Every structure is written in structure tokens, then in C-alpha cells.
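Worksheet: one structure, shown below.
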Amino acid sequence: MTINDLNASRPNSHHGGAQYAVYRARFGATIGLFAIALFTIALILARAGAVHAAQQNPADIVALQSAQLERPLTAGQSSVAVVTARIADGWHINSNRPIGNYAIPTRIEVTPPADTTVGAIAYPEAHLVTLAFAGTEKLAVYSGTVQFRIPFSASAAFRNSVGAPAKIELHYQACNDSQCLRPVSIGTTIDLSAGSTASTTTDSNGIGATASGLTENGLASSDSAIAEVFLKHGYIVGLLVVLLGGLALNLTPCVYPLIGVTIAYFGNESGAPRKVIVLASLYVLGIALMFSGVGVAVALSGGLFGAALQNPYVLAVIAAMLLTLAASSFGLFSLQPPQWIMQRAGVARPGYFGALLMGLGMGVVAAPCIGPIVLGLLLMVQRSQSALFGFVLFFTLAVGLGLPYIALAMAAGSIRKLPRSGEWLAWIEQLFGFVLVGLALYFLDPLTPNRLITRALPYYAVAVGLLLGFISRAGQNLRLFVVIRYAIGTVSALALVYLLTHNGPAVTQLAFEPFNPALLQTAKSEGRPVVIDFSADWCVPCREMERTTFVDPAVVRAADKFVRLRANLTADNTANQAIIKQFTVEGVPTTVFIDEHGIVRKRRVGYVGPGEFLGYLHQFD
């Protein structure tokens, strides 16, 4: 029996419609089984990361013991605040002027009250140490009990009778002999008119939050633009900005697979527009639930967002889901799920259960969509340490990401308005099936050597075009459609000739050296700027940058004067974990631009196109 025979055999009668409803319910339940398996794998990985990260909280390393003025501040006079910090035994923090190229300096940040100014802060004297992971290089650090002296001066207009709170924040990165934790900050507020500490705040992830991780309105403060919106305008405006940010994520390359899956899935759904809207809403709900769950788990664990896709089992399950969906489009689906799932899915509501769980599976696919807004949310959740707040943030972001897919599902579902047994529909279903097979191959690409599947995909697309154009029997009795089919086949044949005979001009790829701290030191000594590309094999936007940004001739020429390093973070090993913590890499791709003095000038998270990348390079001219 051929593909067309199977498609044509789907009945048009009322009885046939009931059989097709059973078919759709079985299909949805089977997809659900795959999605549940994928969800379980993701939770196991996230839990493992959370357990690993929970071993040591950076905020527990340093404690502000006191902050006292030598004398209360009065109008026209000066005073000095002495801030005493205690560093846990076995740990240290970098000095304010570290020797290491990329050691994060300790710094005091002061927000003075009105009519006062802050003088030059006196940092304690550092001592030199040599650590196991730094080789023979000595590092300037603080350990034990240290004191910082902060001079304040009051103008003639200063009034000490109404209270004068000054906010003091200590930003630091804690390390021991074998590892460095993520940069964090702790803070305190001192009343300059009284000379005593008013309150102390602690931020476990670098944002000035209270000891519970939240400020008065329940949000961690941050220099993040998103956090500032929440702090200044409240939850409603903040969540609206997050929703719009989710919409903006649809402009990133990593969501492209969702487009093909959505069209293919809902192109096979029938029913009135209201039903398609319900199915699409459940699909988007599944994306939102999985996306937000993974996002919160990673944010609280401090892991790399989207890193579950480095696991070959996760990639294999995603590919299996897509291939199962493709089998349905080809009319070859015969796998029978357990009867209890069939009963839960319900013949009267075919596809509802499957739509939700298909969305759950695609939520993992959306996870690598890292960008500035996702980074901002990760930092906010890490700092708040509130799983509920994090879930609401990521759920809102995912809803914004998924809203366009409701309209896309409506457009794809309208194909069902054509006759059920029409040859046009059979051809369209075959097209959807081949698209899904191509997507499955795309997700399996990281498991193949030298990106073999990526190089083979153009030939696969040509083969599909030839098959649908000249070989498939679907649509042979529709004169206009025959013309369309032959046109597609002809274009595919010409494309095959082009692929086989035309090698094209030689493309120069921007070359990167493997990340090595010694090369950073060499670049600084030679006075050369550095660009570091943090990527991973599972990272979809990273592959897009390889295909577009890093082959752009202008980018290749402008980057010639840079030392170009690449840190491949695919493997979850000790070395990569140290790099992630050292550079505070929340997701990939991340690109860091460093000047000739070893100072980070620009950090860009997410896909960077050729024009934007070139603009960053020209800032060093």
C-alpha cells in the first residue's frame, strides 16, 4: 500500500469521521508518552544541576559584621565610615585591583543621601596567593577580617535632624583553592546623622536584595533594565514588558523549528476555528509550562540555560517525537498507547491531550532561546530565590513567545477546510511529514561527526522536492496542481544540478582558538584586544552565527587584529563549570569583547548578526 493509498483510505462519512477521531486521539496520546519521557529527563537533569549548585551559596562566604561612622556627620563637616567584613575560613575574595586578567575585582558602591558626597574609598591591603587552578600566577586577594574606609562630606545644606541613610554595597567573587563561585553582592544601610547601621541586605547573586532575597515590593533590585522596570513601575508593567520580550524572541533563529512543527501539527487538525483555537492554546500552554519549569530550575541552580539539549537522550526523544508526528502525516502510524491513556484522551475530544503534551515537548526545544531578556530573568530569579516568582516570569515570557503560534495554528488548520479525501490534502500531508523528518535530522545533528547532517540537509530538501514534484501520485488529477507540482520538481532538479556542479566561491570562516587563559595573558602583554565566543554544540543560535556572522567578509577582516578565542561549553565538566562561573555565562551564545588592557568592554548574550558584530569590533578602532 502506498502513501497515497493510505491517505485516500481515510473515510469521508460520519462513521469514517469517528474512526479518524480515534486515530487522532491515539496519535495525541502517543505524542504524550514521548513528551512525558522528555519532561522526566529534563526534570532529572535540572534536579541534578540544582543539587550540585546548592552545595555552596556564595552569599554565605562573606558577612558584613559592622558599619560605623567615626563620628556623626554634621553640616559642613566630614566623617569616615568603617565597614568591617568577615570572609569564611578557607575562602578569599579578589582585591579591588586583582592581578589576574579576568579576576573580578572587589568594589564598594555607595549611594549617599542628599547634600553629601563620597570621597576616595580606602581598600585594605591585599596579600598574594597562588591557587591550584591559576598555575604559577599569583593573585591579590582578601581573606579573614577586612575593613573598608569610606569618607563622607556634608554640605552646608545638610540636615542631620531628619536622618541621612547611605546605602553601601560590597560586590565580590568568592574563591577557594579549587573553584570560584558566581559574583554576588551584600549590602547595608548606615544613618550618617546617627553614625549607626540601619539595616543589612544580602544578595546571593549580585543584586541588592534583602536578607530574604526580596526588597519591600518583593523584587530583587538590579542594574538589569527588566528589574528596574519592576522596581519602578510594579508587577503589572513589568510582566507586560516580559510578555513583549517573549514576542521579540520570535525574531531569534532558535525558534525556527517551532514554526515547522506548529504548521505540520495543526495542518493535520480538523474542526471549527473555535476548536483549533482551543488546541492551539493548549499547545502554547504546554510550551509555557515546560519553558517556565526549565527556566526556573536552571535559574535557581545556576546552570546553563538550555543545557539539557547537550544530552543525547533528550535530543533522541525530541527526534522520536518529530518522526512519530511525521509517520502520522504519511498515514503510517500504528503504535497503540495504553488503554487508560486512550480513555483520558477521549475520542470525543481528539487531539486535546496530545496538543498540550506536544507543547510540553516543544518547550524544551525553545529553551536555548537565550537573549538579553532571558538573561535578565535568570538573574532576577537567582537573586530573588523565589520559585513562584520565577515561574510567573518565565511563564509570562513563554506565553509571549507562543502567542504568534495560535495565529499560525489557525492558518495551518484552515487547510482542513479543503475536502478530506482530496488529493491536495494528501500531498500537503506528505510535505508536512518530510518537513518533520528534516527537523528530526536537524536535532540529531550534534550527535554526528563534523556536522554531517547539516551538510546533507540541502540534498535532503532537493530529494523531497523531486519526490513530491515528479514521483508522488497525490494531486495527479488536478490540472492546476499538476503544474505546481512539476514546477517544484523542476526547481528541485535545477537545485540538484547546482549543488553537484557549483562549488561556489571559497568562504573564509572566522577562525577561533580554543579558550586558554595563557592566551589572554599574551594578548594583554602584546596590547591586542580579545573576542571570546562562548558556545555549545547543542546551541541553535550558535550554529546560526557560524552560518552568517562568522563568514561575513567584513567581520573576518575587522576581527583580524583581535585574539579570537572560543570556549565550547558542551561538556558538563569541571573546567567548563569554572569558565561559566568566572565569566558569569548564563547562556549561549555569549560574546565578550575585551580591550588591549584586559578590561571587558562589551558582553553580548544571544545571537549577534554580522552588522551588530561588526559594530562592536569597530569600537576598538
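The values are calculated or read from the model by the stated rules, or taken from the named source; none is laboratory data. Note that the structure is predicted; figures quoted are calculated from it, not measured. Positions of Cβ are backbone-derived with ideal geometry, glycine not excepted, and every protein chain shown enters the neighbour counts. To get the accessible areas, we keep the full protein, side chains included, count just its heavy atoms, and leave off ligands, DNA and RNA. Shrake-Rupley method; radii C 1.70, N 1.55, O 1.52, S 1.80 Å.
Is it the case that some residue within region 547-565 is open to solvent by 10 Å² or more (accessible area, probe 1.4 Å), β-branched (V, I, T) and at pLDDT below 90?
Filtering region 547-565 down to residues open to solvent by 10 Å² or more (accessible area, probe 1.4 Å) leaves 547-548, 551-554, 556-558, 560-561, 563-564.
Cutting the leftovers down to β-branched (V, I, T) gives us 548, 551, 556, 563.
Imposing the further condition that a residue be at pLDDT below 90 reduces the set to 548.
Within region 547-565 (the criterion being open to solvent by 10 Å² or more (accessible area, probe 1.4 Å), β-branched (V, I, T) and at pLDDT below 90), the answer is yes, since at least one residue qualifies.
Does I428 qualify as being at pLDDT below 80 and within 24 Å of L494 (Cα to Cα)?
Values: at pLDDT below 80: yes; within 24 Å of L494 (Cα to Cα): yes.
For I428, the condition - at pLDDT below 80 and within 24 Å of L494 (Cα to Cα) - is met.
Evaluate the following for S161: is it at pLDDT 85 or above and surrounded by fewer than 20 Cβ atoms within 10 Å (Cβ to Cβ)?
Details: at pLDDT 85 or above: no; surrounded by fewer than 20 Cβ atoms within 10 Å (Cβ to Cβ): yes.
It is false that S161 is at pLDDT 85 or above and surrounded by fewer than 20 Cβ atoms within 10 Å (Cβ to Cβ).
Are any residues in region 523-540 assigned to a helix (DSSP H, G or I) and out of contact with any Cys (no Cβ under 8 Å at 6 or more places or on another chain), and if so, which ones?
First pass over region 523-540, keeping only residues assigned to a helix (DSSP H, G or I): 523-526, 540.
Those that are assigned to a helix (DSSP H, G or I) and out of contact with any Cys (no Cβ under 8 Å at 6 or more places or on another chain): A523, K524, S525, E526.
With open to solvent by less than 60 Å² (accessible area, probe 1.4 Å), among the small types (G, A, S), farther than 30 Å from L569 by Cβ and at pLDDT 85 or above as the only criterion, which of G504, G469, G475, G438 stands out? Before the answer, list the steps.
Values: G504 fails: at pLDDT 85 or above; G475 fails: at pLDDT 85 or above; G438 fails: farther than 30 Å from L569 by Cβ.
Residue meeting the stated conditions: G469.
Looking at the structure I just gave you, is T570 on the phi > 0 side of the Ramachandran plot and open to solvent by 10 Å² or more (accessible area, probe 1.4 Å)? Give the steps one after another, and end with the answer.
Working: on the phi > 0 side of the Ramachandran plot: no; open to solvent by 10 Å² or more (accessible area, probe 1.4 Å): yes.
When the stated conditions are applied, T570 does not pass them.
Tally time: how many residues in region 587-621 are of a type in the set (A, V, I, L, M), within 12 Å of V530 (Cβ to Cβ), open to solvent by 10 Å² or more (accessible area, probe 1.4 Å) and not in a loop (DSSP other than H, G, I, E, B)? Spell out the reasoning first.
Looking only at region 587-621, we keep the residues that are of a type in the set (A, V, I, L, M), and these are 588, 592, 594, 599-600, 605, 608, 614, 617.
Cutting the leftovers down to within 12 Å of V530 (Cβ to Cβ) gives us 592, 594, 599-600, 617.
Now drop any that are not open to solvent by 10 Å² or more (accessible area, probe 1.4 Å), which leaves 599-600.
Pick out the ones that are also not in a loop (DSSP other than H, G, I, E, B) and you get 600.
Residues in region 587-621 being of a type in the set (A, V, I, L, M), within 12 Å of V530 (Cβ to Cβ), open to solvent by 10 Å² or more (accessible area, probe 1.4 Å) and not in a loop (DSSP other than H, G, I, E, B): 1 in total.
Return yes when Q173 is touching a helix residue (DSSP H, G or I) at 6+ places or on another chain (Cβ under 9 Å) and at pLDDT 75 or above and no when it is not.
Values: touching a helix residue (DSSP H, G or I) at 6+ places or on another chain (Cβ under 9 Å): yes; at pLDDT 75 or above: yes.
Judged against the criteria, Q173 is a match.
Anything in region 90-129 that is open to solvent by less than 60 Å² (accessible area, probe 1.4 Å), closer than 22 Å to T74 by Cβ and in a loop (DSSP other than H, G, I, E, B)? List them, or say none.
Scanning region 90-129 gives P112, P113, G119, I121.
Which of the following residues is at pLDDT 80 or above, open to solvent by 10 Å² or more (accessible area, probe 1.4 Å) and part of a helix (DSSP H, G or I): L300, L285, L279? Talk me through it step by step, then tell me what you get.
Values: L300 fails: at pLDDT 80 or above; L279 fails: open to solvent by 10 Å² or more (accessible area, probe 1.4 Å).
Only one candidate passes the filter, namely L285.
Which is closer than 30 Å to C539 by Cα and open to solvent by 50 Å² or more (accessible area, probe 1.4 Å), of L457, L447? Walk me through it before giving the result.
Numbers: L457 fails: open to solvent by 50 Å² or more (accessible area, probe 1.4 Å).
Every option except L447 fails the conditions.
Can you list residue pairs whose Cβ atoms sit under 9 Å apart, with the first residue in region 554-572 being within 10 Å of L617 (Cβ to Cβ) and part of a loop (DSSP other than H, G, I, E, B) and the second being among the aromatic types (F, W, Y) and open to solvent by less than 50 Å² (accessible area, probe 1.4 Å)? Count only pairs 6 or more apart in sequence or on different chains.
F562/F593; F562/F620
Which of (1) open to solvent by less than 10 Å² (accessible area, probe 1.4 Å); (2) within 30 Å of L258 (Cα to Cα); (3) not in a strand (DSSP E or B) does R543 not meet, given it meets every other one?
The single condition R543 does not satisfy is (1).
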